[in-house]
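Notes for the one structure printed next.
A short reminder: the numbers here are calculations on the coordinates, not readings from a lab. Given the structure is predicted, the values throughout are model-derived calculations rather than measurements. Because the Cβ atoms are built from the backbone with ideal geometry, glycine has one as well, and the counts that use them run over all protein chains shown.
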Amino acid sequence: MLPTASPLILFTDLDGCLLNKHDYDWSPAAATLQTLRDRRIPVIMNSSKTVPEMSRLAGQLGLADYPFVSENGSVICWGGETGQPLGDVEIIGASRDHILEVLRSLKPQYRFRSFADLGLAGVAAETQLPEDSARMALSRQGTEPLLWDDGDEQRTKFEQALRDHQLTLTRGGRFWHVAGQTSKGRAMQIVAQRLSPSDPSSQRTGPPILAAIGDSPIDQSMLDLADVPIGIPTPSGLGVHVAAGRGIVATAQGAAGWAEAVSQLLTRLERDASPPSQSPLH
Ligand SMILES: [Mg+2]
């Protein structure tokens, strides 16, 4: 993969950001995505979705030439689907095989049903996804969702047992997610480093600026490590902390808010890049 010549790399969550929460529409962001494409600014998706789910979206969104981050920072897919061969998949934290092995060892002591226990029909029923979507959701490499059927006290013990295996447990709606020690922010740093020019002569203008867009607490690690954190509001208000001054908070939700915030970011970068002597307002 070639380093980018772009002064900016944009990392973005999908649901509730580039994609509307309920209808998954992204048409309000289409023109802005085209602007980014024209300027060759890399847009890196960073989501809880799986590699097959995101590969399909990458094609639809015109982002197939860029790497993306799946399963909440657990998997980096280095290649795109269109125009170049499918790249390597890198697992950060723990592999799903390892997670399933640990879950099997804990099974006698705790009551839970993971995706592997549910199988395709069970996942389709519990998530209300059509079978082909359920199959893509099951195609995981670094995380395992589960339904907790035991008490809270048991869950605290379960969490400790997972920690002993360097695994984490995070709540995401109905499902709990078991993962290795990673985060969206950590995966963002790995991708950014790989995309940044290592040639000192190309670094005269400094490394690319990292902007990260998110709407929920799982995105916070990414926002905290970005030069420009961007928050998209949810129906119940802003779900992330955005550093005042360097950050941007959209007023609209979903794809419309995404487009609004990215336009604001591009305007800010153009303003900062133009020499003061050429500014008519100076
Ligand atoms: Mg989201």
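Rule-of-thumb check for the chain: C-alpha Rg over 2.2 N^0.38 Å?
With N residues counted in the chain, Rg over 2.2 N^0.38 Å equals 1.06.
Between Ser95 and residues 5 or more places away or on another chain, which pairs have amide H atoms under 5 Å apart, with H built 1.01 Å from N, and which residues are they?
It is none; the list stays empty.
Where does the charge balance sit around Ile213 when Lys and Arg score +1, Asp and Glu -1, over other residues with C-beta under 15 Å from its C-beta?
Neighbourhood net charge equals -3.
Per residue of the range 262-274, in order, report the coupling 6.51 cos²θ - 1.76 cosθ + 1.60 (Karplus, θ = phi - 60°) as ³J(HN,Hα) in whole Hz, putting x for Gly and Pro.
Along the range 262-274, the couplings run 5, 4, 5, 4, 5, 4, 5, 5, 5, 5, 5, 7, 7 Hz.
Quick one: dipole size for the chain, taken about the Cα centre, charges +1 on Lys/Arg Cβ and -1 on Asp/Glu Cβ, in debye to the nearest 20.
Charge dipole of the chain: 360 debye, to the nearest 20.
Which cross-chain or sequence-distant (5 or more) residues have an amide H under 5 Å from the amide H of Val249, H modelled 1.01 Å from N in plane?
Gly231
Kirkwood-based Rg over Rh for the range 11-91 (C-alpha set), two decimals?
Using Cα coordinates only, the ratio equals 0.94.
Roughly speaking, what is the stretch gain from Thr251 to Asp152, that is 0.36 nm per residue apart minus the C-alpha to C-alpha distance, in nm to one decimal?
Result for the pair: 31.9 nm of gain on full extension.
So, in Å, what gap is there between the alpha-carbon centers of the range 117-140 and the range 1-35?
26 Å
Enter the angle in degrees (range 0 to 90, nearest 10) between the Cα long axis of helix 96-106 and the first principal axis of the Cα atoms of the chain, meaning the one along which they spread out most.
On a 0 to 90 degree scale, this one is about 30.
Compare the peptides 170-177, 132-139, 4-11 by average per-residue count of other Cβ atoms within 10 angstrom and give them in order, highest first.
In descending order of packing, they fall as 4-11, 132-139, 170-177.
What does the C-alpha gyration tensor say about the overall shape of the range 141-274? Classify as rounded when a/c is under 1.5, otherwise prolate if a/b is larger than b/c, or oblate.
Judged from the Cα gyration tensor, the range 141-274 comes out oblate (a/c at least 1.5, b/c at or above a/b).
Answer with one residue from Ala255, Ser105, Ala187: the one whose Cα lies farthest towards the positive end of the charge dipole of the chain, charges on Cβ with Lys, Arg +1 and Asp, Glu -1.
About the Cα centre, the residue reaching furthest to the positive side is Ala187.
In degrees, nearest 10, range 0 to 90: what is the angle between the Cα axis of helix 184-195 and the longest Cα principal axis of the chain?
50 degrees
What's the magnitude of the charge dipole for the range 96-179 around its Cα centre, counting Lys and Arg as +1 and Asp and Glu as -1 at the beta-carbon? Answer in Debye, nearest 20.
Here the range 96-179 has a charge dipole of around 80 debye.
Hey, if you put +1 on the Cβ of every Lys and Arg and -1 on every Asp and Glu Cβ in the chain, which of Ile232, Pro207, Ala125 ends up farthest toward the positive end of that dipole?
Checked the options; the winner is Pro207.
Loop-only chymotrypsin sites (Phe, Trp or Tyr not before Pro) in the range 24-76, please: DSSP not H, G, I, E or B, and at most 15 other Cβ atoms within 10 Å.
Counting only loop positions with at most 15 other Cβ atoms within 10 Å, the chymotrypsin sites (Phe, Trp or Tyr not before Pro) in the range 24-76 are Tyr24.
What is the set of long-range amide H partners of Asn46 at a cut-off below 5 Å, with H atoms built 1.01 Å from backbone N?
Thr12, Asp13, Leu14, Val69
Please report the orientation-averaged projected area of the range 96-179, defined via the convex hull of its C-alpha atoms, in nm².
5.1 nm²
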